[in-house]
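Below: one structure, written as C-alpha coordinates.
The values are calculated or read from the model by the stated rules, or taken from the named source; none is laboratory data. For clarity, every value in this text was computed on a predicted model and none was experimentally measured. Note that we place each Cβ from the backbone using ideal geometry, even for glycine, and neighbour counts take in every protein chain shown.
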Amino acid sequence: MTHHPGGEILCDWTPDGKQLIFTSPAWRASGRQSELYTVPATGGQPTILPVPYGANGAINADGSWLAYTPHSTDTRTWKRYRGGMATDVWLFNLKDNSSKRVTDWEGTDTQPMWNGNTVYYISDQGPEHRLNVWAFRHRQGRREAPGHQL
(Lines give C-alpha, C1' and ligand atoms only; values in the text may rest on other atoms or scores of the structure.)
Protein backbone atom coordinates (compact mmCIF):
# COMPACT_ATOMS: atom_id res chain seq x y z
CA MET A 1 0.00 0.00 0.00
CA THR A 2 2.87 2.38 0.70
CA HIS A 3 5.97 3.09 -1.32
CA HIS A 4 8.85 3.20 1.11
CA PRO A 5 11.11 0.55 2.62
CA GLY A 6 10.03 1.03 6.27
CA GLY A 7 7.84 -1.45 8.07
CA GLU A 8 4.23 -0.72 8.96
CA ILE A 9 1.71 -2.37 11.24
CA LEU A 10 -1.90 -2.45 10.11
CA CYS A 11 -4.31 -1.19 12.78
CA ASP A 12 -7.78 -0.93 11.22
CA TRP A 13 -9.90 0.31 8.33
CA THR A 14 -11.49 3.75 8.21
CA PRO A 15 -15.27 3.60 8.82
CA ASP A 16 -16.06 3.96 5.10
CA GLY A 17 -13.81 0.99 4.28
CA LYS A 18 -11.82 2.98 1.72
CA GLN A 19 -8.60 3.49 3.67
CA LEU A 20 -6.33 1.54 5.96
CA ILE A 21 -5.04 2.89 9.26
CA PHE A 22 -1.47 1.91 9.98
CA THR A 23 1.43 2.78 12.23
CA SER A 24 4.94 3.33 11.01
CA PRO A 25 8.19 4.63 12.45
CA ALA A 26 8.04 8.42 12.43
CA TRP A 27 9.21 9.64 9.02
CA ARG A 28 9.55 13.17 10.33
CA ALA A 29 11.67 12.25 13.34
CA SER A 30 14.39 9.81 14.28
CA GLY A 31 12.26 6.70 13.80
CA ARG A 32 12.24 5.95 17.52
CA GLN A 33 8.56 6.84 17.80
CA SER A 34 5.71 5.68 15.63
CA GLU A 35 2.99 7.72 13.96
CA LEU A 36 -0.50 6.87 12.72
CA TYR A 37 -1.42 7.24 9.05
CA THR A 38 -4.20 6.45 6.63
CA VAL A 39 -3.62 5.26 3.10
CA PRO A 40 -6.13 4.43 0.35
CA ALA A 41 -6.79 0.69 0.06
CA THR A 42 -5.97 1.04 -3.63
CA GLY A 43 -2.51 2.37 -2.72
CA GLY A 44 -1.03 5.82 -2.80
CA GLN A 45 0.49 8.39 -0.52
CA PRO A 46 -0.23 8.10 3.21
CA THR A 47 -1.78 10.91 5.23
CA ILE A 48 -0.68 11.41 8.82
CA LEU A 49 -3.39 11.48 11.48
CA PRO A 50 -3.34 14.62 13.67
CA VAL A 51 -1.81 13.12 16.83
CA PRO A 52 1.88 13.62 17.67
CA TYR A 53 2.64 9.91 18.02
CA GLY A 54 0.59 6.75 17.74
CA ALA A 55 1.01 3.01 17.78
CA ASN A 56 -2.48 1.49 17.73
CA GLY A 57 -5.47 3.33 16.32
CA ALA A 58 -9.11 2.94 15.36
CA ILE A 59 -11.72 5.48 14.22
CA ASN A 60 -15.36 5.25 15.34
CA ALA A 61 -18.24 4.71 12.90
CA ASP A 62 -19.10 8.38 12.34
CA GLY A 63 -15.45 9.32 11.85
CA SER A 64 -15.33 11.78 14.73
CA TRP A 65 -13.14 9.96 17.30
CA LEU A 66 -9.78 8.26 17.06
CA ALA A 67 -8.98 5.79 19.86
CA TYR A 68 -5.23 5.25 20.04
CA THR A 69 -2.18 4.60 22.17
CA PRO A 70 0.73 7.06 21.89
CA HIS A 71 3.26 4.22 21.86
CA SER A 72 3.33 0.45 22.18
CA THR A 73 5.07 -2.19 24.22
CA ASP A 74 2.99 -4.96 22.62
CA THR A 75 5.97 -6.78 21.12
CA ARG A 76 8.04 -6.57 24.29
CA THR A 77 8.44 -9.39 26.78
CA TRP A 78 7.59 -7.14 29.72
CA LYS A 79 4.75 -9.14 31.20
CA ARG A 80 2.97 -7.26 34.01
CA TYR A 81 5.15 -4.22 33.37
CA ARG A 82 4.55 -1.17 35.58
CA GLY A 83 6.60 1.82 34.57
CA GLY A 84 7.03 4.82 32.33
CA MET A 85 6.52 2.88 29.11
CA ALA A 86 3.15 1.43 30.20
CA THR A 87 0.53 2.39 27.62
CA ASP A 88 -2.81 4.13 28.04
CA VAL A 89 -5.71 4.54 25.63
CA TRP A 90 -6.51 8.06 24.46
CA LEU A 91 -9.40 9.52 22.47
CA PHE A 92 -8.79 12.28 19.94
CA ASN A 93 -11.71 14.24 18.53
CA LEU A 94 -11.06 14.54 14.78
CA LYS A 95 -13.58 17.41 14.49
CA ASP A 96 -12.28 19.84 17.14
CA ASN A 97 -8.77 18.42 17.84
CA SER A 98 -9.41 17.88 21.55
CA SER A 99 -8.10 14.81 23.33
CA LYS A 100 -8.55 12.93 26.57
CA ARG A 101 -6.88 9.97 28.22
CA VAL A 102 -9.52 7.35 29.00
CA THR A 103 -7.40 4.83 30.92
CA ASP A 104 -5.03 5.47 33.78
CA TRP A 105 -4.05 2.00 34.92
CA GLU A 106 -0.37 1.80 35.90
CA GLY A 107 0.05 -1.27 33.70
CA THR A 108 -0.83 -2.01 30.09
CA ASP A 109 -3.90 -0.67 28.27
CA THR A 110 -3.55 -1.23 24.53
CA GLN A 111 -5.05 -2.28 21.17
CA PRO A 112 -8.21 -0.10 21.19
CA MET A 113 -11.07 -0.84 18.80
CA TRP A 114 -14.56 0.58 18.42
CA ASN A 115 -17.89 -1.24 18.47
CA GLY A 116 -20.71 1.29 18.48
CA ASN A 117 -19.97 3.82 21.21
CA THR A 118 -17.75 1.46 23.17
CA VAL A 119 -13.96 1.25 22.93
CA TYR A 120 -12.72 -2.26 23.65
CA TYR A 121 -9.08 -2.63 24.62
CA ILE A 122 -6.63 -5.08 26.16
CA SER A 123 -5.57 -4.44 29.77
CA ASP A 124 -3.72 -6.30 32.49
CA GLN A 125 -5.68 -4.48 35.17
CA GLY A 126 -7.47 -6.78 37.58
CA PRO A 127 -6.47 -9.08 40.43
CA GLU A 128 -4.54 -11.58 38.27
CA HIS A 129 -2.79 -8.89 36.17
CA ARG A 130 -3.44 -10.90 33.00
CA LEU A 131 -4.25 -9.32 29.67
CA ASN A 132 -7.99 -9.38 29.10
CA VAL A 133 -10.62 -7.43 27.13
CA TRP A 134 -11.92 -4.33 28.91
CA ALA A 135 -14.39 -1.71 27.70
CA PHE A 136 -14.69 2.05 27.88
CA ARG A 137 -18.24 3.30 27.46
CA HIS A 138 -17.66 6.55 25.64
CA ARG A 139 -21.02 8.24 26.29
CA GLN A 140 -21.07 7.23 29.96
CA GLY A 141 -17.37 7.91 30.44
CA ARG A 142 -16.71 4.73 32.40
CA ARG A 143 -14.48 1.66 32.14
CA GLU A 144 -15.81 -1.85 32.63
CA ALA A 145 -13.95 -4.97 33.63
CA PRO A 146 -14.35 -8.34 31.89
CA GLY A 147 -17.57 -10.08 32.82
CA HIS A 148 -19.79 -7.01 32.95
CA GLN A 149 -22.86 -7.01 30.76
CA LEU A 150 -21.77 -4.93 27.79
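Find the residue count for the stretch 85-98, including only residues that are of a type outside the set (D, E, K, R), modelled with pLDDT of 95 or more and surrounded by fewer than 16 Cβ atoms within 10 Å (Cβ to Cβ).
Counting residues in the stretch 85-98 that are of a type outside the set (D, E, K, R), modelled with pLDDT of 95 or more and surrounded by fewer than 16 Cβ atoms within 10 Å (Cβ to Cβ) gives 3.
Say we look at the stretch 107-150 and pick out the residues that are small (G, A, S) and within 14 Å of the chain's Cα centre (by Cα); which of these is surrounded by the most Cβ atoms within 10 Å (Cβ to Cβ)?
By that ranking, first place goes to S123.
Need pairs with beta-carbon distance below 6 Å; first residue of a type in the set (A, V, I, L, M, F, W, C) and within the stretch 94-115, second assigned to a loop (DSSP other than H, G, I, E, B); sequence gap 6+ or separate chains.
Close Cβ pairs satisfying both conditions: L94/S64; V102/V89; W105/Q125; W114/N60.
Quick one: what pairs do we get from the stretch 52-70, first residue at pLDDT 95 or above, second among the charged types (D, E, K, R), C-beta under 6 Å, 6+ apart or different chains?
Taking only residues 6 or more apart or on different chains, the pairs are A58/D12; S64/K95.
How about the stretch 105-150: which strands (runs of 3 or more DSSP E) wholly inside it have at least 3 residues that are among the charged types (D, E, K, R) and farther than 18 Å from S72 by Cβ?
Ranges flagged: 142-144.
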